[in-house]
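Chemist: A single structure is presented below for examination.
The values are calculated or read from the model by the stated rules, or taken from the named source; none is laboratory data. As the structure is a prediction and not an experimental result, all values here were calculated from the model. Cβ coordinates were reconstructed from backbone atoms using ideal geometry, including for glycine residues, and neighbour counts include every protein chain displayed.
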Amino acid sequence: MFRKVLAVLTTLTLSISSFSMIAAHGEDLKKPLTLPRITAGSTGYSFKATPAEWSDNGPSSFQWLLSGKALSASGLTAKLKSSDNKKKLQFIETHTFDDGTSAVAKSNIIIIGNVLLSESLTIRIRPSDDKVIEIAVLPQSIPTTAKPTYQWFAGYFEIKGATKSVYNLKTSDLGSDISLQISFAAKGFVSAKQTSNTVAVANLSRKYEQIWSEEFNGATGAPADPSVWVAQNGDGVAFGNRGWGNSERQWYDDKISSTDGKGSFVINATTTGAGVNKCYYGTPCEWLSTKLVTKDKVGFKYGRIEARIKGPVGNGTWGAFWMLGANIDDRPWPGCGEIDITELLGRLPNTNLGYTHGPLSGGGGRGDKVEMTSAHNSEFHTYAVDWLPDQIRYYLDGVPFVTVDKTDNDWVYDHEFYIIINLAMGGILGGEVTPNLKQASMAFDYIKVYSINGVGEVIKH
């Protein structure tokens, strides 16, 4: 008996469930398979409707609404005018089924006078050049007279000056998410903006390969290698640069400096014998020192430029390891460009200065200073820049501390430069020399140049 009751209940339950499924399916049949949709013509004021799809072949009637009010148009097209701007257009379809019942389907809404875009903006890395990001899909605008403008972004931030349809990747973009915002504008229409997908730029590791070095392995008292170094002697007058442009107090003489027989080149500065020369300031010179350059001997273009240096002791000393554009004779400073890899001041023994100077930044330069864990004149430290076509990054003992990116016309670091090593006394940056200071020195253990991921060049003359 129990089994019979259970079987009856089960049959009843299945019958009810089947009826519910049939009823639900019947309700679904009353819904459109696809909704109607309206699209705009090329002028932005003519519109066409695509009707809905239904489960049967019953008749449909159509109605256009403009901000809720019926238009006289009852077919699949409608025409409006600029006076209708800001109003909302919608297409309504009423469908009658075979059983006499009806259903209503509503289209998307278009705001009159707004620029419309056909599809999603898509960007990609150019297949033939992985340093360029380009547009893969550009939306078509309605009206077709709308003109696009472009702005590229790195993360949430606009990239200054990046307003073209393609974007050339820079070193500073490594590790960034790049996207494009496009704006279409047409007279009499409200502009439309769209933001693309994001392209993630890989953060590549830097690989270094040594391509040149100066080890200073000469015997004690040996001069600098004449195939590499040229002395710039004097007080700057003979070079059209009195006081070397900084009111410095020394007369340069390469004969007082030499290798020490222990693998270093030592630039000496001394008051002894300085007075035999008359300096630009009208009295006997106060100091002798040395300045050597690789100009017209060896040039460099890009790469890591590095030296291991022990700085000078004493207020007023101003040692430097730096570079100038090899075109300086045709384009005087600062147009030729200057890269100060390090400037070491006796009055700031725990500070390392790293700056670039160009036609816009001039004397102030762009860069920064960093405090050192030990004095630059107490032991050797390494000073370097990674110089790339669009970026200069400064390092102290292998640790980066400031980056100068190519952002404007101040960037004149795209040609050959030459290296300079010198020890100045006094001057604008060096400051007043301590009265009882009689000698000072600066030692170079080595200078090395490396390519960075294959970028870097040594130019021998």
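Chemist: Filter segment 290-316 down to the residues that are touching a helix residue (DSSP H, G or I) at 6+ places or on another chain (Cβ under 9 Å) and in a loop (DSSP other than H, G, I, E, B) and list them by number.
Modeler: Thr290, Asn315, Gly316
Chemist: Restricted to segment 343-390, and to residues that are of a type in the set (Asp, Glu) and outside any strand (DSSP E or B), which residue is nearest to Met323 (Cα to Cα)?
Modeler: The extreme case among them is Asp390.
Chemist: Would you mind stating whether Gln250 is at pLDDT 95 or above, surrounded by 14 or more Cβ atoms within 10 Å (Cβ to Cβ) and under 39 Å from the mean Cα position of the chain (by Cα)?
Modeler: It is false that Gln250 is at pLDDT 95 or above, surrounded by 14 or more Cβ atoms within 10 Å (Cβ to Cβ) and under 39 Å from the mean Cα position of the chain (by Cα).
Chemist: Ser213 passes all but one of (1) closer than 28 Å to Asn114 by Cβ; (2) in contact with a Lys or Arg (Cβ under 7 Å, 6 or more places away or on another chain); (3) not charged (D, E, K, R); which number fails?
Modeler: Checking Ser213 against (1) closer than 28 Å to Asn114 by Cβ; (2) in contact with a Lys or Arg (Cβ under 7 Å, 6 or more places away or on another chain); (3) not charged (D, E, K, R), the one that fails is (1).
Chemist: Taking the criterion of being in a strand (DSSP E or B), basic (Lys, Arg) and surrounded by fewer than 16 Cβ atoms within 10 Å (Cβ to Cβ), would at least one residue in segment 191-199 satisfy it?
Modeler: There is at least one residue in segment 191-199 that is in a strand (DSSP E or B), basic (Lys, Arg) and surrounded by fewer than 16 Cβ atoms within 10 Å (Cβ to Cβ).
Chemist: Which one is farthest from Ala162 (Cα to Cα) among residues in segment 112-134 that are in contact (Cβ under 8 Å) with a residue 60 or more places away in the chain and in a strand (DSSP E or B)?
Modeler: Here the answer is Asn114.
Chemist: Would you confirm whether or not segment 240-261 contains a residue that is of a type in the set (Phe, Trp, Tyr) and under 30 Å from Arg126 (Cβ atoms)?
Modeler: Within segment 240-261, not a single residue is of a type in the set (Phe, Trp, Tyr) and under 30 Å from Arg126 (Cβ atoms).
Chemist: Six or more apart or on different chains, Cβ atoms under 7 Å: show the pairs whose first residue is in segment 82-100 and farther than 25 Å from Ser67 by Cα and whose second is surrounded by fewer than 16 Cβ atoms within 10 Å (Cβ to Cβ) and of a type outside the set (Ser, Thr, Tyr).
Modeler: Thr96/Gly58; Thr96/Pro59; Phe97/Lys30; Phe97/Asp56; Phe97/Gly58; Asp98/Asp56; Asp98/Gly58
Chemist: Go through segment 226-240 and give me each residue that's crowded, with 16+ Cβ neighbours inside 10 Å and on the phi > 0 side of the Ramachandran plot.
Modeler: The answer is Gly234, Gly236.
Chemist: Anything in segment 296-319 that is over 28 Å from Asn453 (Cβ atoms) and surrounded by fewer than 23 Cβ atoms within 10 Å (Cβ to Cβ)? List them, or say none.
Modeler: Asp296, Lys310, Val313, Gly314, Asn315
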